[in-house]
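What follows is a set of notes on a single structure, which appears directly below.
Every number in this text was worked out from the coordinates using simple rules, so none of it is lab data. Bear in mind that the values here come from a model prediction, so they are computed numbers and not experimental data. FYI the Cβ positions are ideal-geometry reconstructions off the backbone, even for glycines, and counts take in every protein chain you see.
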Amino acid sequence: MKLKFFLLSAVFITSIGLPIAVQAAPLVSIGDSVDVFFNGSSSLEWQSNVFSDESDAVDDFKLTLSPGFEVNVGRGLSNVDLSIITRYDIVRFDEVTDLDNELFHIKAVGSYAGSRLSVNGLVSYDESQSNGADGNDNQKGKLSASETTAANLNGEYTLSPKFSFGAGVNYNHREYAEGSSADRDTYTIPLDIFYELTPKVDLSIGYTYTSTEVSSTVSGASEVSGYDKEQHFVNVGARGDLLPKLNGSFKIGFNTMDSDDPSTRDGNGPEGRSDRDSDSSLGLDASFTYLATAKVNTQLSLNRNFDVAGQGESTEATRVDLSANYSINTQYTATANLGYTLREYVDTGREDDNYRTGVSLSYVPNQYWRFSTGYNYTENSSSDAGQSYEAHVINVSASLRY
């Protein structure tokens, strides 16, 4: 039976590295500043609803083997750091074998820190296969296969002891394998001025411009045209040690969205089309960490922004994620998480409430190995018929960095 093979494979992948776990890291050193590591992992999941389908839930086991390498440049250098990380996911299902896949990932992350200027950048390419568990890409009865290319460059320059200026250029291109999902190109330009209120807290005023080009899609026998949209986010905020045990950052302000296409992408309204209105609302981007005790810390992230759904619909998403970590001892850590997303479809009136919760336990016996197991529950409640669902996932995983 295939299930026996899956379980034996997970055990085998977990154990093959044990004899070498006591050796010194990294795997290879080149010169005085380059280190090469092996980054590998294996995971076994049971999914109760592979396709996030309300009426016909399909459950299955999913095995993922992920060999990879990491190259770090910068050891011994005071102000330059560069990492190149690559991974190859081999995905196998026990029953729905037509979903078996191989997914490639690679990214280069670099940073520079000078006396007045700091810069960080990223270039990445990712292949993914998703059931849209957060409601964004979900299509009934199928998984969405996509390729994402991203490039980010952000910097901050100290103008004076009290003032600094931040700017960046971020690009993201997502391309789907099927024509029913909308490809999109997104450019984001953030601009911020920071004022040092205290040695530990900075205030900020900022503006973010976002341009998104959404491609045409095929729905049945008809083609739905693409469109361009622009967003403007004017905000104020703060960052740093906001309270004795609370650190983080937030931006809050006014968010507007305008589209160059006066019609929606659905088939409603006169002659099969209806008006796509401009929209505006409260914008929010926040992330906080609270150190409750030496063993317990919590993280809270809040986000409210305009987005694009899988079929190209304009949406407004409000997202809240809360997690807590408890360090039982130096080797064991327990984690619990809660999440909620309200996704409002701007032009069609559809609303999705997405709820997420989970618990996990990780074991780190040494600097090389990490083992974990967990359970996650997702529920999507949609105003559109057939788009609500529930899903349970149980997983075990092992990772090795050597």
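The slack between Lys295 and Ser327, meaning 0.36 nm per residue of separation minus the straight C-alpha distance, is 11.0 nm. Note that the stretch 98-104 has calculated 3J(HN,Hα) couplings of 5, 8, 4, 7, 10, 10, 9 Hz, one per residue in order, obtained from phi through the Karplus relation 6.51 cos²θ - 1.76 cosθ + 1.60 (θ = phi - 60°); glycine and proline are x. The stretch between Val236 and Leu197, if pulled fully straight at 0.36 nm per residue, gains 12.7 nm over its current Cα-Cα span. Of all the options Ser160, Ser211, Ser249, the one that moves most in a Gaussian network model of the chain with Cα springs shorter than 10 angstrom is Ser160. Counting every other Cβ atom within 10 Å of each residue's Cβ, Phe93, Phe104 order from fewest to most as Phe104, Phe93. For the stretch 174-222, the relative contact order works out to 42 percent when only alpha carbon pairs closer than 8 Å and six or more residues apart are counted. Take the chain, drop everything but the C-alpha atoms, weight them equally and run the Debye formula without solvent; then report log10 I(q)/I(0) at 0.09, 0.14 Å⁻¹ to two decimals. Values, matching the q order: -0.67, -1.64. Less than 5 angstrom separates the built amide H of Glu95 from those of Phe61, all sequence-distant by 5 or more or on a different chain. Over the residues of the chain, the helix contribution to mean residue ellipticity at 222 nm works out to -1000 deg cm²/dmol, using -39500 (n - 2.57) for each DSSP H run of at least 4.
Restricting to lysine pairs 8 or more places apart or on different chains, what number in the chain have Cα atoms under 21 Å apart? Pairs that pass both the separation and distance tests number 9.
Summary of the geometry: the stretch 325-367 and the stretch 50-87, compared by the centres of their Cα atoms, lie 18 Å apart.
Placing unit charges on each Cβ (+1 for Lys and Arg, -1 for Asp and Glu) gives the stretch 303-401 a dipole about its Cα centre, and among Leu338, Asn395, Phe371 the Cα reaching farthest toward its positive end belongs to Phe371.
In what sequence do Glu127, Glu178 fall when counting other Cβ within 10 Å, fewest first?
Neighbour counts put them in this order, fewest first: Glu178, Glu127.
Shown for Glu196, Glu223: other C-beta atoms within 10 Å of each C-beta, ranked fewest to most, produce the order Glu223, Glu196.
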